[in-house]
Amino acid sequence: MAALERKSLSGLLLAGGEGRRMGGQDKGLLPLHGEPLAAHVLRRLAPQVGRLLVSANRHQQQYLALAQALDPQAQVLSDERSLCAGEAFAGPLAGMLAGLLACKTEWLLCTPCDLPALPQDLAARLWAGSQAMAGAARPVAYPRDREGRLHPACCLLRRDLAPSLRDYLARGGRRVREWMQSQGAVEVAFERADDLRAFANLNHPADLAALQAQPALLAAPPEF
């Protein structure tokens, strides 16, 4: 099985949500151990990919500064309003579409902005799992943790899925798994003990406070 090379992969940080359960705050910019949440995630994402992209619908200059500190050629993208039917926040699929349209590589690795313990081998494991299931890489792969929870917003997407996703959004579709399953998605088992922590989303202020009380997370430095 051929390895997925970094140069064949772009990374997309999904930070375009409205943060309703965080009181409308921009979740990716909330502080954790003295840094924005997004900075922790980007530091783990950057060494796995050849280029960084960020989906953000507000505070774009702040996200750009965070991403360009790791990749000088990083870009910040907005949702395509023509496909959002007047919605201010159209969900993660709109951000994924922006990433697929902007990336210059064959594959796109997506992650939400609230996973500061993101696996540092996420891309490799999704790639290996997708190939092992089918003998050739499936166009969509996402994790299934040891408790059976699915994490489709943390996924590996093939760039040629953009037309299908554009059509799904234009028809009013917003369900991440529904669209992915229509494209033959594969669920990849992530069963290490630390994977449960890795995919623990920070949805409420209490979640962030609990993580703040834990030791700071460390990540390998990027290799640009």
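Please treat every number below as a calculation from the coordinates, not as lab data. Every value quoted in this text rests on a predicted model; they were computed, and no experiment measured them. Methodologically, a virtual Cβ is constructed for each residue, glycine included, from the backbone with ideal geometry; neighbour enumeration extends over all protein chains shown.
Annotations
- Here each label is just a point 7 Å from Cα along the line to Cβ, and for A2 and R174 those points are 4.0 nm apart.
- Packing around the peptides 59-71, 4-16, 172-184, taken as the average count of other Cβ atoms within 10 Å per residue, puts them in this order, highest first: 4-16, 59-71, 172-184.
- Cut-off under 5 Å, modelled amide H: who pairs with V76 long-range: V54
- Cα gyration tensor shape for region 21-78, rounded if a/c is under 1.5, else prolate or oblate: oblate
- Close amide H pairs (under 5 Å, H built 1.01 Å from N) link L32 with L37, residues at least 5 positions away or on another chain.
- Karplus-derived HN-Hα couplings along region 5-12 (A = 6.51, B = -1.76, C = 1.60, θ = phi - 60°), whole Hz, x at Gly and Pro: 7, 4, 5, 8, 9, 9, x, 10
- Each peptide in 92-102, 32-42 receives the mean, over its residues, of other Cβ atoms within 10 Å, and ordering these scores from highest gives 92-102, 32-42.
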